[in-house]
Amino acid sequence: QVTLRASAELDARRVNQYTLTLQATCPGEDDVRGWLFVRVTTGQVLRCDTPFSSAGGDVVQVPADVAPRTPLYAVLPQPLGGLTVSGCSLGACSSHKREQPLRNHNTPLMLTRRGLILAPDNGFDPSKDTQMFRLEIEVMDRHGHNCSGAVRVEVLPSRRPRVTFPEPHWSVTLTEGIGPWEVVTKVHASGENVRYAILAPMAPMLFTINEETGEIRSTRRLEVAHAHLLIQAYNALHPADHATATVNITVQGTDPWAPRCVPAIFVSQVAETVSPGSTLVTLRCTDSTGTDEHLRYALEGPPASRSHFCMEGPQLKVNTTLDYDLEVMATMGFQFTATIVVTTGGQPPRSTRVPVLVTVTPVNEFRPTCPNSATFTVPETAAFGSVVGRVAGTDHDYPPGSLEYSLEGGSSPTQPFSIGRRTGEIRVVGPLDFQQQKSYRLVVQLTDTHNDLDLAKQYSRLCDVTVHLKAVPNQMPVCTPEVQELRITAGSPGSRQPVTRLVCQGSSDGATLTYSIAEGNEDGHFQLEGNAVVYLPNNQVEPRTFVLLVEVLGGSGARRRSTVVALVVHVTPWSTPVPPSTTTQHTTLQKEPLIVTQTEAVWHPPAWFVAVLTITGTLLLATLGCTARSLLCSEQEQGLTSAFCSSHRNRVPGKLFLGKSSWDVVEQSRGKEEQGRPPISSPGQFDGRAQDARTGRDYVFNSMTGARRWI
């Protein structure tokens with residue numbers, strides 16, 4: 001049986017085939033060798049990435065002015081076929097087989113069956129506060145495999161300028177006799193995609209407004225009257241972003257003796273690049289006599305208007321530069337209002353007022369500027385959608401923040417990044433690997449928009465951006481122990497019985513570990529609650545052994561590693577009283593082979609320790625031997641001394657003491673005496689006879705010469 005190692009990780013893109021050499025050996029026979037080819041194929045696995053599957057869920061931040069139905073988040077980087085996606089928001093849940101809004105009143109978001117979260121059809125509410133929506137999403141494939149997670153969508157206040165009127169009130173004085181479709185005045189509101197509409201009065205319709213330019217025109221010949229108009233300006237893409245202003249129009253009667261001027265009202269648009277001294281309009285005025293010789297011209301109005309314009313006779317001229325990009329110009333709404341007063345020289349003086357409205361239009365003058373530093377660092381385990389950094393380009397033209405960002409070449413496997421079109425945020429949209437590529441050089445194009453009256457007039461600049469990858473140790477989760485054998489007694493049916501809690505440690509990047517039962521739970525008797533294994537008892541009546549393989553997945557992004565923990569669970573059924581029965585049923589349980597791997601710790605001491613231990617033992621044994629020998633020698637000397645003393649007492653005076661063989665002679669003589677041998681000489685007298693202890697021969701010892709004579 002060939003099994004896959006618990007900690008093995010297969011990747012068909014790196015190694016798609018393994019060749020195993022198998023050899024079988026039998027006593028008395030030749031060895032047999034064969035080969036096993038294991039082919040690894042790519043497969044689609046339903047697996048939710050972190051931090052989507054973590055307890056806190058993933059977080060997405062989007063501006064409030066994002067376009068309707070814009071994709072905000074993808075649950076799965078690669079869409080899989082046959083998925084069922086269900087979403088919950090604050091307790092309200094629904095399943096989706098096609099694109100449709102979540103069926104609850106707590107979120108305007110849309111969730112598709114492909115796992116895409118879309119912006120609402122009408123966009124978000126342009127509130128000044130941060131809006132927050134939390135979705136709990138469960139994904140299931142056609143095989144019944146599922147994964148779940150949460151997404152928190154934070155809607156940030158829009159960075160674009162809101163629609164506002166610089167002056168909420170206008171007053172215009174006209175002279176009767178103005179014909180239909182004559183320009184009466186013009187309103188202006190700051191913002192993006194601004195459109196205009198007259199809210200009141202609806203009748204009579206004396207005036208109409210151009211929804212794009214804001215020009216108010218008369219619909220009929222004007223007579224003496226007073227009109228109060230309520231004007232609304234709104235963003236065409238986000239109608240909820242709007243503002244209102246009032247315009248008071250007074251139509252006065254004409255003095256037959258007052259000067260008459262053409263035009264009676266002057267409304268014009270002037271580019272910001274117009275040079276000082278340029279003539280905007282020349283009035284053609286005549287008095288009651290039909291001449292203009294005695295007419296005087298004067299300019300009245302706010303100080304800003306009188307400083308930027310002046311009158312030279314009947315000509316209205318530009319006095320100073322009209323810079324559209326100045327902040328003070330924005331506060332004025334890029335408009336100047338004034339009144340040209342034409343007075344006769346007679347008595348009493350008669351005068352006529354000509355209203356003037358000049359709107360300054362933008363001109364795209366400057367190219368975008370790249371940031372001083374555009375180098376970012378991101379870990380190679382960064383998840384899909386992670387923010388790498390923000391490219392902060394600048395443009396001296398008004399309005400600020402009108403730049404659009406794009407990546408040269410777009411997103412691809414060789415360039416796994418994307419950039420926000422309006423925000424300039426670079427995000428990760430593909431797998432990163434420090435071993436394959438350590439850095440990326442991106443070319444970001446900056447384009448200024450809405451900086452000119454002609455929207456086609458745009459400038460762009462290319463900026464270099466460097467993204468360095470940070471290596472992260474590819475460490476798989478470590479669980480202690482890897483194999484557990486457990487014995488439990490099943491509880492009552494319907495209860496939840498804890499079995500064990502897995503102790504695992506993940507990688508150093510702090511990614512949350514996820515646990516799943518890979519094999520052995522076909523009947524659904526076990527369930528995972530985090531790292532805790534729970535047994536769900538049923539009506540089982542016989543003991544049973546389960547072998548569970550729990551997969552522990554760690555890491556984040558494309559470099560996720562996993563390990564497998566083996567659990568051998570012996571379940572003893574819950575005992576219940578059984579009524580007596582006369583029928584005896586014998587059940588033979590088919591025991592399945594159980595393979596349990598047990599690891600024993602073995603100590604292998606170093607070589608120097610073995611050598612020191614051997615030398616020490618040898619010296620100890622030698623010391624003990626020497627000590628024993630010394631004790632034996634001491635006892636022999638004591639016995640020789642006693643024998644000498646006994647012999648000396650029995651010896652007659654005048655006889656010499658025996659040589660070094662006297663101990664042997666005495667011992668031999670004692671032995672023979674014990675055997676009943678008669679003594680050679682009388683007691684108390686030594687006659688020189690002795691016997692050699694080694695050979696047993698008798699000899700006579702001469703005490704004078706010390707020689708032996710053998711008998």
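For segment 447-467, indicate whether the set of residues that are closer than 26 Å to Phe384 by Cβ, in a strand (DSSP E or B), open to solvent by 50 Å² or more (accessible area, probe 1.4 Å) and assigned by the TED database to the domain that holds His396 is non-empty.
Checked segment 447-467: at least one residue is closer than 26 Å to Phe384 by Cβ, in a strand (DSSP E or B), open to solvent by 50 Å² or more (accessible area, probe 1.4 Å) and assigned by the TED database to the domain that holds His396.
Tally up the residues in segment 92-119 that are at pLDDT 50 or above and under 13 Å from Pro71 (Cβ atoms), please.
Result for segment 92-119: 10.
Every residue in segment 298-322 that is open to solvent by 50 Å² or more (accessible area, probe 1.4 Å) and either among the aromatic types (Phe, Trp, Tyr) or part of a loop (DSSP other than H, G, I, E, B) (or both), please.
Pro302, Asn319, Thr320, Thr321 - these are the residues of segment 298-322 that are open to solvent by 50 Å² or more (accessible area, probe 1.4 Å) and either among the aromatic types (Phe, Trp, Tyr) or part of a loop (DSSP other than H, G, I, E, B) (or both).
Against the condition open to solvent by less than 80 Å² (accessible area, probe 1.4 Å) and aromatic (Phe, Trp, Tyr), how does Phe434 come out, does it pass?
Yes: the conditions hold for Phe434.
Conditions tested, residue by residue: (1) open to solvent by 50 Å² or more (accessible area, probe 1.4 Å); (2) under 30 Å from Leu326 (Cα atoms).
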{"site": "Glu365", "(1), (2)": "yes, yes"}
{"site": "Pro371", "(1), (2)": "no, yes"}
{"site": "Phe384", "(1), (2)": "yes, no"}
{"site": "Asp395", "(1), (2)": "no, yes"}
{"site": "Pro399", "(1), (2)": "no, yes"}
{"site": "Ser406", "(1), (2)": "no, yes"}
{"site": "Gly410", "(1), (2)": "no, no"}
{"site": "Phe417", "(1), (2)": "no, no"}
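Only one of Arg195, Arg160, Arg134 is of a type in the set (Lys, Arg), at pLDDT 80 or above and over 30 Å from Ser54 (Cα atoms); which?
After applying the criteria, what remains is Arg195.
Hey, can you tell me all the residues within segment 143-170 that are in contact with a Gly (Cβ under 9 Å, 6 or more places away or on another chain) and open to solvent by 30 Å² or more (accessible area, probe 1.4 Å)?
Answer for segment 143-170, where residues must be in contact with a Gly (Cβ under 9 Å, 6 or more places away or on another chain) and open to solvent by 30 Å² or more (accessible area, probe 1.4 Å): His143, Arg152, Arg159, Pro161, Arg162, Thr164, Pro166, Glu167.
Go through the residues of segment 551-564 one by one and say whether even a single one is under 21 Å from Thr489 (Cα atoms) and modelled with pLDDT of 80 or more. Give the steps one after another, and end with the answer.
First, the residues of segment 551-564 that are under 21 Å from Thr489 (Cα atoms): none.
The answer is no; no qualifying residue exists.
Considering segment 145-187 alone, what residues qualify as being outside any strand (DSSP E or B) and under 27 Å from the mean Cα position of the chain (by Cα)?
Scanning segment 145-187 gives His145, Pro157, Ser158, Arg159.
Could you check segment 519-548 and list, in sequence order, the residues that are open to solvent by less than 60 Å² (accessible area, probe 1.4 Å), more than 12 Å from Val569 (Cβ to Cβ) and not in a loop (DSSP other than H, G, I, E, B)?
Hits for segment 519-548 are Leu528, Ala532.
Which one of these is over 28 Å from Leu326 (Cβ atoms) and not in a strand (DSSP E or B): Thr208, Thr291?
Just one listed residue meets the conditions, Thr291.
What are the residues in segment 233-285 that are crowded, with 20+ Cβ neighbours inside 10 Å and over 24 Å from Thr344 (Cα atoms), if any?
Matches in segment 233-285: Ala233, Tyr234, Asn235, His238, Asp241, Ala245, Val247, Ile249, Glu272.
Please specify each residue of segment 68-91 satisfying the condition of being modelled with pLDDT under 80, open to solvent by less than 50 Å² (accessible area, probe 1.4 Å) and part of a loop (DSSP other than H, G, I, E, B).
Matches in segment 68-91: Val75, Leu76, Leu80, Gly81, Gly82, Leu83.
Working only within segment 297-311, note down all residues that are more than 60 Å from the chain's Cα centre (by Cα) and more than 17 Å from Thr344 (Cα to Cα).
From segment 297-311, those more than 60 Å from the chain's Cα centre (by Cα) are 297-300, 310-311; that's our starting set.
Across segment 297-311, the qualifying residue is only Cys310.
Looking only at segment 40-62, count every residue that is modelled with pLDDT of 70 or more and either of a type in the set (A, V, I, L, M, F, W, C) or more than 10 Å from the chain's Cα centre (by Cα) (or both) and tell me the total.
Of the residues in segment 40-62, 14 are modelled with pLDDT of 70 or more and either of a type in the set (A, V, I, L, M, F, W, C) or more than 10 Å from the chain's Cα centre (by Cα) (or both).
Would you mind finding the one in Gly333, Gly290 that is touching a His at 6+ places or on another chain (Cβ under 7 Å) and not assigned by the TED database to the domain that holds Asp433?
Within the list Gly333, Gly290, the selection yields Gly333.
Report, by residue number, each residue of segment 1-34 that is open to solvent by less than 80 Å² (accessible area, probe 1.4 Å), part of a loop (DSSP other than H, G, I, E, B) and farther than 30 Å from Gly506 by Cβ.
Cys26
Residue under question is Ile517, and the condition is that it be more than 23 Å from Ser54 (Cα to Cα) and at pLDDT 85 or above; does it hold?
Numbers: more than 23 Å from Ser54 (Cα to Cα): no; at pLDDT 85 or above: yes.
No: the conditions fail for Ile517.
What's the number of the only condition in (1) assigned to a strand (DSSP E or B); (2) open to solvent by less than 60 Å² (accessible area, probe 1.4 Å) that Leu222 fails to meet?
(1)
I need a count of the residues in segment 419-428 that are open to solvent by 60 Å² or more (accessible area, probe 1.4 Å) and either aliphatic (A, V, I, L, M) or outside any strand (DSSP E or B) (or both).
Within segment 419-428, residues that are open to solvent by 60 Å² or more (accessible area, probe 1.4 Å) and either aliphatic (A, V, I, L, M) or outside any strand (DSSP E or B) (or both) number 2.
The values are calculated or read from the model by the stated rules, or taken from the named source; none is laboratory data. Keep in mind it's a predicted model, so treat the numbers as computed, not measured. All Cβ positions, glycine included, derive from the backbone under ideal geometry; neighbour counts span all protein chains shown. The protein model used for the area step is the full one, side chains on, heavy atoms only, and it has no ligands, DNA or RNA in it. Shrake-Rupley method; radii C 1.70, N 1.55, O 1.52, S 1.80 Å.
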